[in-house]
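Inspection log for the structure reproduced underneath, given as structure tokens.
The values are calculated or read from the model by the stated rules, or taken from the named source; none is laboratory data. Values in this document were obtained by computation on a predicted structure and should not be read as measured data. Quick reminder, even Gly has a Cβ in these numbers, built from the backbone with ideal geometry, and neighbours come from all protein chains shown. Just the protein is used for accessible areas: all its heavy atoms, side chains included, with ligands, DNA and RNA removed. Shrake-Rupley method; radii C 1.70, N 1.55, O 1.52, S 1.80 Å.
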Amino acid sequence: MKQKGSKIFVYSCIAPALLLFAVFMIYPTISVFRMSLYEWGGLSARRTFVGLKNFKVLLDDRFFLRSFQNTVLIITLVTIITLSIAIIFAYILIRERIKGENFFRVVFYIPNILSIAVIAAVFSAIYAPDQGLINGLGRLLNPDTWVNIQFLGNPRLVVYSVIGAMVWQAIGYYMVMYMASMGSIPTHLYEAAQIEGANRVRQFVDITLPLIWETVRTTLVFFIISSINISFLLVNVLTGGGPNGASEVFLSYLYRQAYNNASYGYGMAIGVVVFLFSFALAGLVSLVTKRDVVQY
Amino acid sequence: MNTQRALYRERFAKAIIYILLIALAISIIVPLFWVFSASIKENSEFYGNPWSLPKGLHWQNYRDAIRKARLGEYFFNSVFVTALSLTLLIAVAVPCAYVLARFNFKGRKIVNLLFMAGLFVNVNYIVVPIFLMLLGWNDIAWEILGRGIFLDNLVVLSVVYASTNLPFTIYLLSNYFRTLSRSFEEAAYIDGASHFKTMLHVMVPMAKPSIITVILFNFLAFWNEYIIALTLMPGPRKTLPVGLVNLNQAQRAAADYGPLYTGLVIVMLPVLILYIMTQKRLTQGMTIGGIKE
């Protein structure tokens, strides 16, 4: 478009956004990488360039390895469980004539709109030992023999408790994604399959799954990125990484090192590793799940 | 005989399906309903079984939460931050998205690329560098003004919120602008309207559906945001989610549970009401944008 004053208009429209973006996103992102090469402790301005030393320390850090294990476990389990439940429910709501279909769709999505602070508070009420909903129900059903389950206090159990909350939070979101994708599959395909005598499961495996495969692949990348982020927020509020580091995940450990422990350089080195790890994993998953796109 | 069996199988499958649906719905509704019922329980009731219903309406919890636990104040902080960040974000993102979608200019490719890359930078990674940057600015402010102004500042928090949500907002809006026909703008130019007038009076009204979607999503993001607010507001002034988490820890230690659940209701209720009112638009918008925190 050629008109007088175009240039001034264009640049004055771009400039504010670009400025804010540069100051609050580009610069901090570069900082993460730069700071990971420094030893920078405490609020003093003293920084020493140490090269890759932070990364070497990281490899021997027992707590970091623990957070690594936990994160991988969380990504794997949350993805598998949420994906299967969300896909099954999406299929049911799209394909079956359900009374109150709209009600179920609306209710299933609710956890996704709640603040992580709310979800954490709700789950600390669910998991609490004496006043908790699960333990309370157990005592109601088995008054004599019930022993409280320490959902957040038992170091072996705590990661699974976090996973439970994450699945609860995510199902509705992914279900809506899959529903949108399944909704665009023409019904005559199913009708043809029905005439051939294919049952529900058969139709799902042979028609639905291949046709929504691209959406599934996209959501797999979402699962990786969001598991890393949501597990951080949830762990931060629900368990504080405890007991004794048992539920620490990548970014919660970063945050604790940087913000609470004031080891900024070390914290940022963790950030760099996590950043690269998530990209590599997303790339790998996307490569492994690549299929010829089926069209209808 | 065979059709009879098929009918039974069909009924059995349907029953299983309904059981599954209802089980999942219960797992979501019951905890939320329980929070509402716990918010009007007296403290002594928390020592009984958690599944018992409240004995009466103990509204005192609400008074305690709003005054003593300062949730009333936090509520207004949250309203202020959410409103200011939304205004800022829309004012900055709409012109930028429009220009990126419509004009050819030097550096357009690189600007586009930068914002696209920004989609992959999650704020959880950069919250500490942002904090340190503001801390550094505070040192300068100390020398000039004699006090730090960049931390514990609701306006700064809003600016950070708006800035970190720019890439996603611009991405969504400029995609929408691209779908609009150019003939409207051309007509406006022939009538002698300036670029600015055309954008404001012709294009923005046409982009209203996508602007509303963007406002909805960002409202939820800002209202619910926790980690940036926690990091950039270390002082006594807080937003609701941070206040809620503090309350959660404090009340559990003090074994004073009522106000905690009242706090939860206060954070949850506006979002739930908004969601019920706009759920169609929200879930449709989500599948267009493919958004995930």
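For the reader, a short list of remarks on this structure follows.
- Criterion (at the interface with another protein chain (Cβ under 7 Å from one of its Cβ atoms) and modelled with pLDDT under 95) met by exactly one of A:117, A:128: A:117
- Here the condition is being within 24 Å of the chain's Cα centre (by Cα), surrounded by fewer than 16 Cβ atoms within 10 Å (Cβ to Cβ), over 30 Å from residue A:97 (Cβ atoms) and modelled with pLDDT of 90 or more; of A:233, A:284, it holds for A:284 alone.
- Taking the criterion of being more than 7 Å from chain A (Cβ to nearest Cβ) and either among the acidic types (Asp, Glu) or more than 22 Å from residue A:278 (Cβ to Cβ) (or both), the residues of region B:103-130 that qualify are B:104, B:106, B:107, B:108, B:109, B:110, B:112.
- Filtering region A:28-39 for residues that are closer than 30 Å to residue A:187 by Cα, in contact (Cβ under 8 Å) with a residue 40 or more places away in the chain, out of contact with any strand residue (DSSP E or B) (no Cβ under 7 Å at 6 or more places or on another chain) and within 14 Å of chain B (Cβ to nearest Cβ) leaves an empty set.
- Consider region B:154-194 and keep the residues that are within 11 Å of another protein chain (Cβ to nearest Cβ), at pLDDT below 90 and within 23 Å of residue B:112 (Cβ to Cβ). The one that is surrounded by the fewest Cβ atoms within 10 Å (Cβ to Cβ) is B:182.
- Conditions (1) surrounded by fewer than 19 Cβ atoms within 10 Å (Cβ to Cβ); (2) of a type outside the set (Asp, Glu); (3) more than 7 Å from chain A (Cβ to nearest Cβ): number failed by residue B:133: (3)
- Test: residue in region A:90-98 that is open to solvent by 50 Å² or more (accessible area, probe 1.4 Å), basic (Lys, Arg) and either closer than 30 Å to residue A:201 by Cα or in contact with a Leu (Cβ under 9 Å, 6 or more places away or on another chain) (or both): yes
- Taken together, the residues in region B:4-47 that are over 30 Å from residue A:92 (Cα atoms) and polar (S, T, N, Q) amount to 4.
- Residue check, residue B:70 touching a residue at least 60 places away in the same chain (Cβ under 8 Å) and either within 7 Å of another protein chain (Cβ to nearest Cβ) or open to solvent by 30 Å² or more (accessible area, probe 1.4 Å) (or both): yes
- Only one of the listed residues (A:70, A:54) is open to solvent by less than 30 Å² (accessible area, probe 1.4 Å), away from chain B (no Cβ under 12 Å), within 16 Å of residue A:277 (Cβ to Cβ) and at pLDDT below 90. That residue is A:54.
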